[in-house]
Amino acid sequence: MKTLETKPKSTWYKDNLQATINSSIIVGASYIVIFLIAKIFSLAEVTWLRFLNYVVLFPIVYGAVGKYYVLHKNYINYFQGFSMGFLIGSLGSLYYSVIFYFYLKFDPLFMKTILNKLPAQIIYPEISIAFINFSEGLSFSVIVALAIMQLYKRSGASSAEF
């Protein structure tokens, strides 16, 4: 097992958290830009286009984990990398869902379009739709984080120790 001679733990966690938050803001902003572009070109109702969000998520998480890997002398603990990837994706989805909630308040026509695609009537539609957005992003964050850490595990860069 490699030993790291790095900063004290409190500084190390603070730096890692700051990098995670910065990357998650980029993810959330990217999701918003993708939605706005789709709205401008009248493609917001095309539901399968939302998967572009996850095409954007992978390189952002990969880049953030890669920076962490390089800064820590080409070493990354599996759980630390996984949690970093998961937090980047889930916080980015949270930011996007909150903004989407407020957007639905100002565009009732778009909200009705979405409600027509849902199988049943729902209570508090704006909150429910925002929660659906968040839960989809949350689940995909797990997939992306696992995939990225498998890449690092395969290259021998991570440790299975926690």
Mean accessible surface per residue for the range 54-142, computed with a 1.4 Å probe while every protein chain stays in place, in Å²: 55 Å²
Accessible-area composition of the range 46-134, carbon plus sulfur, in percent [1.4 Å probe]: 74 percent
Choice from Val142, Val65, Val27 showing the highest fluctuation, given a GNM over the chain with Cα pairs closer than 10 Å: Val142
Principal-axis tilt of helix 52-71 within the chain, Cα atoms, nearest 10 degrees: 20 degrees
Selected from Ile37, Ile123, Ile88 as most flexible by GNM, with the chain as the system and alpha-carbon contacts under 10 Å: Ile123
15 Å beta-carbon shell around Val98, net charge (K/R +1, D/E -1): -1
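Reported to two decimal places, what Rg/Rh ratio describes the chain when computed on Cα atoms with Rh from the Kirkwood expression?
1.07
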Greater than 27 Å apart at Cα, pairs in Lys67/Lys105; Lys39/Lys105; Lys39/Lys112; Lys14/Lys67: Lys67/Lys105
Trypsin sites (Lys or Arg not before Pro) restricted to DSSP loop in the range 50-109 with at most 13 other C-beta within 10 Å: Lys73
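The values are calculated or read from the model by the stated rules, or taken from the named source; none is laboratory data. Fair warning: this is a prediction, and the values are worked out from it, not measured in the lab. All Cβ positions, even for glycine, are placed from backbone atoms using ideal geometry, and neighbour counts span all protein chains on display. These area figures cover heavy atoms from the full protein model, side chains too; ligands, DNA and RNA do not enter into them. Shrake-Rupley method; radii C 1.70, N 1.55, O 1.52, S 1.80 Å.
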